[in-house]
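This is the structure I have questions about; it appears just below.
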Amino acid sequence: MVRIEFEGETFQVPEGISVAAALLSNGRGAFRTSIVGGAPRAPYCMMGICFECLVEIDGIPARQGCMTPVRSGMIIRRQPGAPSLKALASGGRNEH
């Protein structure tokens, strides 16, 4: 088991599962909001095709939760709309 944090809540999850699986198994469904309209979005395909599982991991925006294995100490946040181009280019924090 490893410890991760999502939106300020700490969870113990099995080592080796994806971020998306870890969050879904702990009752967290909406990972991001849509770029147009801000509607909540949740993982759909769980195999890296749909991009509905985008989250911010350790300050890096637009990470695919379904393709990223959990590791101890990860800090995960919801992806609010589109990340800034500056944040994507630098690999740094998304500007909220």
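The values are calculated or read from the model by the stated rules, or taken from the named source; none is laboratory data. Keep in mind that what you see is a predicted model, and the values were worked out from it rather than measured. Cβ atoms come from the backbone with ideal geometry, glycine included; neighbour counts cover every protein chain shown. Accessible surface is based on the protein model in full, side chains and every heavy atom, while ligands, DNA and RNA are left aside. Shrake-Rupley method; radii C 1.70, N 1.55, O 1.52, S 1.80 Å.
If you scan the stretch 57-85, which residues turn out to be outside any strand (DSSP E or B), at pLDDT 95 or above and not hydrophobic (A, V, I, L, M, F, W, C)?
Asp58, Gly65, Thr68, Arg71, Ser72, Gly73
Sticking with this structure for a sec: Taking the stretch 1-11, which residues are surrounded by 11 or more Cβ atoms within 10 Å (Cβ to Cβ) and of a type outside the set (D, E, K, R)?
Those that are surrounded by 11 or more Cβ atoms within 10 Å (Cβ to Cβ) and of a type outside the set (D, E, K, R): Val2, Ile4, Phe6, Phe11.
In the stretch 21-56, which residue that is open to solvent by 40 Å² or more (accessible area, probe 1.4 Å) and assigned to a strand (DSSP E or B) is nearest to Gly81 (Cα to Cα)?
The selected residue is Thr33.
Next question. Does Ser18 satisfy being at pLDDT 95 or above and open to solvent by 80 Å² or more (accessible area, probe 1.4 Å)?
Here the answer is no, as Ser18 does not meet what is asked.
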